[in-house]
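The values are calculated or read from the model by the stated rules, or taken from the named source; none is laboratory data. Predicted, not measured: the structure shown is a model, and the values here were computed from it. Cβ sites come from the backbone with ideal geometry, for glycine too, and all protein chains shown count toward neighbours.
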Amino acid sequence: MAHRLGDIACQVGARLEGDADCIINSIAVLQDASPGSISFLSNRKYRKFLKTTRASAIILGQEFLDDCSANALVSDNPYLVFAKVARLMTALPAVEAGQHSSAIVAPSAQIDASARVGPGVVIEDNAVIGARVDIGAGCVIGAGCRIGDESRLVANVTLCHEVTIGRRVLIHPGAVIGSDGFGLANDEGVWVKVPQLGTVCIGDDVEIGANTTIDRGAIKDTVIGDGVKLDNQIQIAHNVEIGAHTAIAACVGIAGSTRIGSHCTLAGGVGVVGHLDIADHVHFSAQTLVTRSFTEAGHFSGNLPAVPTHAWRKSIARIRQLEETAQRIKTLEKQCRKRPSKDPGQDI
């Protein structure tokens, strides 16, 4: 889609430096850009490409403007502006309403006339599908599920019975929402399944990555708050609650009945044990093992039980010095063994 640069600047809230009539028809990285494309710079290490790029416009911060010979959209948050530009220029076409002939839809299901139901979809009894919902090929919508307006299930998504999905939710292929939680009681060495009586409630504007799984609650519901962003291959166990606008990267595992606050971030591979309380604005770096509750905001790291990041960095620095320290100790021991012993009566 082609856009005037001046129109783009107005719609994304950036300051324009240059030709408002410049036509932008594509997005590219700085080093591969061509005339007609727009690029962005948010990482200082790519600054060198400002001198050689052929992009017609660049999204950047004020500190890089003097090095830019092209038109510029200036912002305090270039990456956010880039996200808005990309959404503007790659808008999906409107949903074409209707049901594919191969879809299997229960007579009691309620589907808004503006929704699309793709090939091979199964929609079970009493499911409710909202306006402009897009259900892609091979999805299964269990009995009693509710999907809010303008949500999109890309393909092969499974919603088990009674799951509720909010508005404008995007669910990527292979996600399974509402399968049984891992509830087992031990009877003299034999595992007995505990029925999972709750369900899953997903808020508005949530994104759920490919092959991510969210278990239904044992008694009360598993809850994902508004604006939460989940990457691929995440496991969220029964009765977990995740607060609004928290972002979780790939391969995170969260055990049952843990509550995670709002505006948190969990980087790739973080493991969270069960029955913990995590406050708002808590941030865990990659592969951190979380074994206790965190009642105050902060940044935390470590694949041993998590500690404040500054303490973990000091520990890592000392670990890296262990070999040098060990050699120094050996040298001192040799020197001590060679030193003649003092006369017991000699003053010290």
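Once the range 46-55 is narrowed to residues that are out of contact with any Ser or Thr (no Cβ under 6 Å at 6 or more places or on another chain) and not in a helix (DSSP H, G or I), the residue that is nearest to I27 (Cα to Cα) is T53. Taking each residue of the range 318-342 that is at pLDDT below 90 and looking for partners that are among the β-branched types (V, I, T) and in a helix (DSSP H, G or I) with beta-carbon atoms closer than 9 Å, six or more apart or interchain, yields R318/T325. Is it the case that some residue within the range 77-88 is assigned by TED's automatic domain parsing to the domain that holds I8, in contact with a Gly (Cβ under 7 Å, 6 or more places away or on another chain) and not basic (K, R)? Yes: the range 77-88 contains one or more residues that are assigned by TED's automatic domain parsing to the domain that holds I8, in contact with a Gly (Cβ under 7 Å, 6 or more places away or on another chain) and not basic (K, R). On inspection, G298 passes the criterion of being in contact with a His (Cβ under 9 Å, 6 or more places away or on another chain) and over 24 Å from T199 (Cβ atoms). I'm trying to understand the selection: among the residues of the range 278-307, which are surrounded by fewer than 20 Cβ atoms within 10 Å (Cβ to Cβ) and either touching a residue at least 24 places away in the same chain (Cβ under 8 Å) or farther than 23 Å from G256 by Cβ (or both)? Selection gives D280, H281, S285, A286, E296, A297, G298, H299, V307. Hey, does the range 44-60 have a residue that's in contact (Cβ under 8 Å) with a residue 60 or more places away in the chain and not assigned by TED's automatic domain parsing to the domain that holds P119? Checked the range 44-60: no residue is in contact (Cβ under 8 Å) with a residue 60 or more places away in the chain and not assigned by TED's automatic domain parsing to the domain that holds P119. Check the range 58-65 and report whether any residue there is within 19 Å of T90 (Cβ to Cβ) and in a strand (DSSP E or B). Yes, the range 58-65 contains at least one residue that is within 19 Å of T90 (Cβ to Cβ) and in a strand (DSSP E or B).
Quick check: anything in the range 110-127 at pLDDT below 95, out of contact with any Lys or Arg (no Cβ under 9 Å at 6 or more places or on another chain) and not in a loop (DSSP other than H, G, I, E, B)? No, because not a single residue in the range 110-127 is at pLDDT below 95, out of contact with any Lys or Arg (no Cβ under 9 Å at 6 or more places or on another chain) and not in a loop (DSSP other than H, G, I, E, B). Based on this model, can you work out whether K84 counts as in contact (Cβ under 8 Å) with a residue 60 or more places away in the chain and either within 30 Å of the chain's Cα centre (by Cα) or in a helix (DSSP H, G or I) (or both)? In short, yes. Screening Q196 on (1) farther than 23 Å from E124 by Cβ; (2) of a type in the set (S, T, N, Q); (3) crowded, with 19+ Cβ neighbours inside 10 Å; (4) out of contact with any strand residue (DSSP E or B) (no Cβ under 7 Å at 6 or more places or on another chain) shows it passes everything except condition (1). When we screen S39, S34, S56, S75 for residues that are of a type outside the set (K, R), on the phi < 0 side of the Ramachandran plot and surrounded by fewer than 19 Cβ atoms within 10 Å (Cβ to Cβ), the only hit is S34. Scan the range 314-325 and give yes if some residue there is assigned to a loop (DSSP other than H, G, I, E, B) and either in contact with a Pro (Cβ under 9 Å, 6 or more places away or on another chain) or not assigned by TED's automatic domain parsing to the domain that holds L230 (or both), otherwise no. Yes, that holds for at least one residue. Kindly check whether there is at least one residue in the range 136-156 that is touching a residue at least 40 places away in the same chain (Cβ under 8 Å), assigned to a loop (DSSP other than H, G, I, E, B) and more than 30 Å from V273 (Cβ to Cβ). There is at least one residue in the range 136-156 that is touching a residue at least 40 places away in the same chain (Cβ under 8 Å), assigned to a loop (DSSP other than H, G, I, E, B) and more than 30 Å from V273 (Cβ to Cβ).
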